[in-house]
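The values are calculated or read from the model by the stated rules, or taken from the named source; none is laboratory data. Note that the coordinates shown come from a computational prediction; the quantities given were computed from them, not determined experimentally. A quick note on method: Cβ atoms are made from the backbone with ideal geometry, for glycine too, and the neighbour counts reach across all protein chains shown.
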């Protein structure tokens, strides 16, 4: 059988068997509504309560500070819109960065249409945000700062602790989108000093359709979905009990396994980066060399385009991703690479391999073996490579 | 990922006529790196007929497949016949393209027109000289 190599863990992860097991009782016999007074609601309620404790334990929060939502995108929307609406009397200015996930960026754009003003702080060539830039962007009417913990594309881990100090000094509320970090690397809401945090189960071997938002005790926020009493009235709607139980299990596993996962993935990542850069000329690592997610390998291959590489990789059984315009429905090169000052033709040639629990040294060796001929084949077809060769830049 | 037709994938994996024609009678370059596709098309013309065509393309699967297809379509055609080849002709010959690829990555017909324009300008110029 043909080899299948999944290297798109930043997109989503498979569900761990233990997680699936934890969900099954609530799909089958324990169907009751957690809000019911009768006995059918007992076990489901207990499952939701236990899961909340496990999510809280993963990020060092109190259980009453955890609210379940349907997706990381919903958590980000809740954070931005909920804080904006609750605090608009104090001011209408929000700060975020140029490299946020679209869940944050598009929420910010929606708020702009409602009369809020948004400052997008820039990043350096590694994708790092300078806390001083955040400091100088803060105004009297700033009500919220929202900065991603680590970019899903280039994997750069932002100095959230330092940024939160600056934000706290000014007395402003601070949210971080931790979709790529919570469950993947150690994350503590108190060490980071954040007031709100988004996290999603499917990023760390939990199910899709469930996520959470941490809201520090005492923070005022407008409810996101109006309805019943679920999630303390802040996010109404009958609980997705099986998924919530699954998220709890995924958090429990992550908490005990994170140190081992980080160590193993970092080794694989560095071996992979080193392998690709040594085997292929005119290839550049995007993002920070060390301050990066343990499984993130984002490399640009000059003179060729990402989608055509992905198609050939897919034929060879390898699943990866790209920041190329042709792979996005919006037909624009990655806004993250663009913000980092990566020229368009190099952004077009970016490949993102995001590694996870299923990857082995053999997978790395396999991709290091099949990718160089793919790159060579496409370069032979490329007018840019031909021009560069003539100019003496190419091989 | 984009779902391409078998024909697109076949041309993408085995593109026809990749390369350059050093003494080409017309060269058409279209596209830019910001949109993700650049195509360079070379044509050789003899007695009003396109006798050879080659291409070099930087771009996605659709860009490469349409480039390959256009070279197949034009070889053996007269200039007049070649000028009737449109984006739609190329897409149709490939069994269709995903909607968002119709414009951005379907550059081959444009490159052909530019190459023919260049040929016409050159040959027109030659005739002038001959007189």
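Just a few scattered comments:
- Lone unmet requirement of (1) farther than 18 Å from residue A:8 by Cα; (2) within 24 Å of the chain's Cα centre (by Cα) for residue A:304: (2)
- Number of residues in the stretch A:360-395 that are under 26 Å from residue A:180 (Cα atoms) and touching a helix residue (DSSP H, G or I) at 6+ places or on another chain (Cβ under 6 Å) equals 2.
- Checking B:45, B:51, B:8 one by one, the residue that is within 11 Å of chain A (Cβ to nearest Cβ), over 13 Å from the mean Cα position of the chain (by Cα) and either within 30 Å of residue A:338 (Cβ to Cβ) or assigned to a strand (DSSP E or B) (or both) is B:8 and no other.
- Test: residue B:57 is within 11 Å of chain A (Cβ to nearest Cβ), within 29 Å of residue A:315 (Cβ to Cβ) and crowded, with 20+ Cβ neighbours inside 10 Å: yes
- Subset of the stretch B:15-42 (residues that are farther than 11 Å from residue B:56 by Cβ, within 11 Å of chain A (Cβ to nearest Cβ) and not in a strand (DSSP E or B)): B:33, B:34, B:35, B:36
- Any chance residue A:145 is in a helix (DSSP H, G or I) and crowded, with 24+ Cβ neighbours inside 10 Å: no
- Residue A:239 in contact (Cβ under 8 Å) with a residue 24 or more places away in the chain and either farther than 22 Å from residue A:377 by Cβ or out of contact with any strand residue (DSSP E or B) (no Cβ under 6 Å at 6 or more places or on another chain) (or both): yes
- Of the criteria (1) assigned to a loop (DSSP other than H, G, I, E, B); (2) more than 20 Å from the chain's Cα centre (by Cα), which one residue A:129 fails: (2)
- Being buried (at least 24 other Cβ atoms within 10 Å of the Cβ) and under 14 Å from the mean Cα position of the chain (by Cα) is a property that holds for residue A:99.
- Scan of the stretch A:231-244 for residues that are assigned to a helix (DSSP H, G or I) and closer than 15 Å to residue A:63 by Cβ, ordered by number: A:231, A:232, A:244
- For the stretch A:313-335, taking the residues that are modelled with pLDDT under 95 and more than 10 Å from chain B (Cβ to nearest Cβ), the one that is farthest from residue A:378 (Cα to Cα) is identified as A:335.
- Residues of the stretch B:75-125 classified as within 14 Å of another protein chain (Cβ to nearest Cβ), buried (at least 18 other Cβ atoms within 10 Å of the Cβ) and part of a helix (DSSP H, G or I), total: 6
- A Cβ distance below 7 Å, combined with a sequence gap of six or more or placement on separate chains, defines the contacts here; from the stretch A:338-354, residues that are free of Cβ contacts under 8 Å to residues at least 60 places away in the same chain reach residues that are surrounded by fewer than 24 Cβ atoms within 10 Å (Cβ to Cβ) and part of a strand (DSSP E or B) in the pairs A:351/A:299.
Yes or no, residue by residue, for (1) under 24 Å from residue A:159 (Cβ atoms); (2) buried (at least 24 other Cβ atoms within 10 Å of the Cβ):
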site	(1), (2)
A:204	yes, yes
A:219	yes, no
A:224	no, no
A:234	no, no
A:273	yes, no
A:293	yes, yes
